[in-house]
Every structure is written in structure tokens, then in C-alpha cells.
1. What accessible area per residue comes out for the chain, rounded to a whole number of Å², with a 1.4 Å probe?
2. Tell me, what % of the accessible area of the chain is carbon and sulfur with a 1.4 angstrom probe?
3. Which loop trypsin sites (Lys or Arg not before Pro) in the stretch 1-54, with loop taken from DSSP, have no more than 10 other Cβ atoms within 10 angstrom of their Cβ?
4. What does the C-alpha gyration tensor say about the overall shape of the chain? Classify as rounded when a/c is under 1.5, otherwise prolate if a/b is larger than b/c, or oblate.
5. Order of 104-111, 78-85 by packing, highest average Cβ count within 10 Å first?
Amino acid sequence: QVQLVESGGGLVQPGGSLRLSCAASGIIFSRYTMGWYRQAPAKQRELVARMTLEGISIYGDYVKGRFTISRDNAKNTVYLQMNNLKPEDTAVYYCRAQWDWRDYWGQGTQVTVSS
């Protein structure tokens, strides 16, 4: 059974930082492109960042220079370091694992940026 479990969300003030984690089980983690997506109320889900098995990363334009994705294949975990958070970053953040036709999502973790 495939599981992607996100953690690390919460309430943070503007300008603050959070680190999200996504622990994967039931997959051969090193073969998967791992990504973070987010969905704000009444908006479509959008790409935040993703990293291929070769370590190539892609970011959404609105997070470049502020967020960093990384992965630890030994721990089957992908991370999202979020710095200089803004109120518009408020959303549910989802972890995604993709390989060929395989496509799995986590349940999401809420990030709220507010003073």
C-alpha cells in the first residue's frame, strides 16, 4: 500500500519559515519524481516544486528564490524548505510521487501565513 504522509505545516507570520516533510512508503522512492503542489480556497491546485530522480528541480515562478525542494532517498523523504513566507502562500500543500503511469498524492498539510 502506497502512503505519502506530509507533516510540518502550521501557522506562521509573514516573513517566517516552515519546513515540510513527506515520508513515502510502499514505493521504490528513488525511481520517482517527487513534487509539492498547493491549493488555496477557490483556486486550482498548482505546482510549487518538483525534483526528478536525477535531482533536477523545477519551481513555480511565485516561489523561486524562497522555497527549496530536496530529497533523501535513504529516508524515502522529500522536503520543502519555505522561507520569507507571504500571506498568498496560504494553502493546503500536497506531496506527489510520479513514475511512468504511477501517480500518488498525500492527504495534504495546511500552511497558513498570517499576522
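The values are calculated or read from the model by the stated rules, or taken from the named source; none is laboratory data. All of these numbers come straight from a predicted model, not from anything done at the bench. So basically every Cβ, Gly included, is an ideal-geometry build from the backbone, and we count neighbours across all protein chains shown. All accessible areas refer to the heavy atoms of the entire protein, side chains included, with ligands and DNA or RNA removed. Shrake-Rupley method; radii C 1.70, N 1.55, O 1.52, S 1.80 Å.
1. Averaged over the residues of the chain, the accessible area is 53 Å².
2. The C+S portion of the solvent-accessible surface of the chain is 47 percent.
3. Sparse-neighbourhood loop trypsin sites (Lys or Arg not before Pro): Lys43.
4. Note, shape of the chain comes out prolate.
5. Packing proxy ranking, top to bottom: 78-85, 104-111.
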